[in-house]
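This report concerns only the one structure given below.
Here, each number is a calculation from the coordinates, and none is a lab measurement. In this text, all values refer to a predicted model and were calculated from it rather than measured experimentally. Virtual Cβ from ideal backbone geometry, glycine too; neighbours counted across all protein chains shown.
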Number of protein chains: 2
Amino acid sequence: MTDRLPHTLRSDALDNRERIIEAARAVFAVDGLDVPMREVARRAGVAPATLYRRFPTKEMLVTEAFAEQMHACRAVVDEGLADLDPWHGFCLVIEKMCELHARDRGFTAALISTFPNAVDFEARREYALRAIDELARRAKETGRLRPDFVLDDVLLVLMANSGIHATSPTTQVTASRRFAALAISAFQASPDVSPLPPVVRLAPPASVSRRSQAG
Amino acid sequence: MTDRLPHTLRSDALDNRERIIEAARAVFAVDGLDVPMREVARRAGVAPATLYRRFPTKEMLVTEAFAEQMHACRAVVDEGLADLDPWHGFCLVIEKMCELHARDRGFTAALISTFPNAVDFEARREYALRAIDELARRAKETGRLRPDFVLDDVLLVLMANSGIHATSPTTQVTASRRFAALAISAFQASPDVSPLPPVVRLAPPASVSRRSQAG
DNA sequence: ACGCTAACGCACGCCGCTGTCCGCCTCGCT
DNA sequence: AGCGAGGCGGACAGCGGCGTGCGTTAGCGT
């Protein structure tokens, strides 16, 4: 039926592809995912058609653009898991994840959103969550992490962290750092904390928003 | 120069105005501030021109739509101030503010944003912040609120709270409640908490976003 | 060196939102 | 009841983003 397509890109095409991804990374980091595809194309010095040819949907572009971040994400959780002190590892993960997201505005949205077609993305996400869950389990055993902590609290904190906006990247990171520290304080086991209200399983927004598109 | 305009609206105009505000409140609550003006008009059963006649700018509409919320906001901080236990009052304010914002998606944006032309709004905002500051001062005196808390932390928490999105209003509120509880845990004085990273004065986004308008 | 074909980009049609103009309607005063 | 001004809504032009078709360019294999 379908003729075999050559899966090797021409040199110029490959070059353009790289520049597109780089441009996407840059602009997503600063302005979030809600930038027009054309804007990415503009910054990459490429016509819209070219962008659409490589990445027919914004989702694909996002997935590709954040592959590196996802890798960093994995590195962070692995580092946390490797820590001999689980609580310390847990704190590290919270801090670094928050920082990662603070430095890259679009990343939270990308991570929080579910991508119906990007199985790879979803898999990595699952991996990270499982790792954090394991880390939390260990941290609870040491008694430093409050027993009523649940994995969804991490999502909650990350979503919340994404709500923090600042004008300059520096301020953004500083604010996020303080927030992470507060989150850690909140998670720390303590004799005199009141019990937490019930958990929620927060189903993320259906997909990456192509645009606001109220209707 | 300018002829005196009669500042009394006709009965039908007033009625429309009310319906516009009501529609705006409803839609802002659910979808945030980034809804098209026309959508508000549609829901109010009114032509765009009518909407624009009453509220030439979205800012004016927002200001009017959230007047009630701002009142509720004031009521909350006053209730907190009136509490005999400052720490309890402080917690109340955090909880209720978070809930207020959780129930109304647009409100955070409205409160966080600075409105260049809406002095009244700004004044109410200032009042609330001052009140919370005073409450925090007292709560610190009791030793229940951690000494390194600063007023900006409230903004931080509110911004963060606004980052929490859920599909259903119920879930939204539940999630927000848990988040508020975590925030309170974080603010609670405790012998074994690490010092917090430096504060930031987070300058909010310039104004109410008319639309994403990436540039 | 030549030609085939992938790759490029211009330009198009479509849609939704914005803000305004203008002819008709209706409230409210006399 | 009649009239006039204030109010209403349909319609319009402008803009920006989307996704694509098509004629042209240039990489790469022979």
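In table form, for the structure just shown:
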| quantity | calculated |
| --- | --- |
| Evaluated over chain B, the Cα radius of gyration and Dmax, each in Å | 19.4, 69 |
| DSSP-loop trypsin sites (Lys or Arg not before Pro) across the stretch B:1-84, with at most 11 other Cβ within 10 angstrom | B:Arg4, B:Arg10 |
| Shortest-first distances to equivalent copies, position B:Arg42, nm, label 7 Å out along Cβ | 2.7 |
| At 7 Å out from Cα toward Cβ: B:Pro56 inter-copy label distances (nm, ascending) | 4.9 |
| Relative contact order [Cα under 8 Å, 6+ residues apart], chain B, whole percent | 23 |
| Convex hull volume of the protein assembly as shown per residue (C-alpha atoms, cubic angstrom) | 187 |
| For the stretch B:11-56: rounded, prolate or oblate by the Cα gyration tensor [a/c cutoff 1.5] | prolate |
| P(r) histogram, all alpha-carbon pairs of the stretch A:32-75 included - 5 Å bins from 0, percent | 6, 21, 28, 23, 11, 8, 3, 0 |
| Selected from A:Ala44, A:Ala183, A:Ala13 as most flexible by GNM, with chain A as the system and alpha-carbon contacts under 10 Å | A:Ala13 |
| Value in Å of the Kirkwood radius, where the stretch A:78-205 supplies the Cα pairs that are averaged | 15.3 |
| Folded to 0 to 90 degrees: helix A:11-31 orientation relative to chain A principal axis, Cα | 40 |
| Shielding by partners - mean other protein chain Cβ count within 10 Å, residues of A:151-161 | 4 |
| Compactness relative to 2.2 N^0.38 Å, alpha carbon Rg of the stretch A:144-202 | 1.27 |
| Surrounding net charge for B:Glu141, when Lys and Arg each add one and Asp and Glu each subtract one, Cβ distance under 15 Å | 0 |
| C-alpha long axis of helix B:169-187 to longest principal axis of chain B, angle in ° | 40 |
| Computed over the stretch A:66-187: relative contact order in percent, which uses C-alpha pairs under 8 Å that are six or more apart | 34 |
| Between helix B:86-103 and chain B: long-axis angle, C-alpha atoms, 0 to 90°, nearest 10 | 40 |
| Fewest-first sequence of A:Phe179, B:Phe187, A:Phe149 by Cβ atoms within 10 Å of each Cβ | A:Phe149, B:Phe187, A:Phe179 |
| Euclidean distance between Cα centres, the stretch A:32-62 to the stretch B:19-69, Å | 33 |
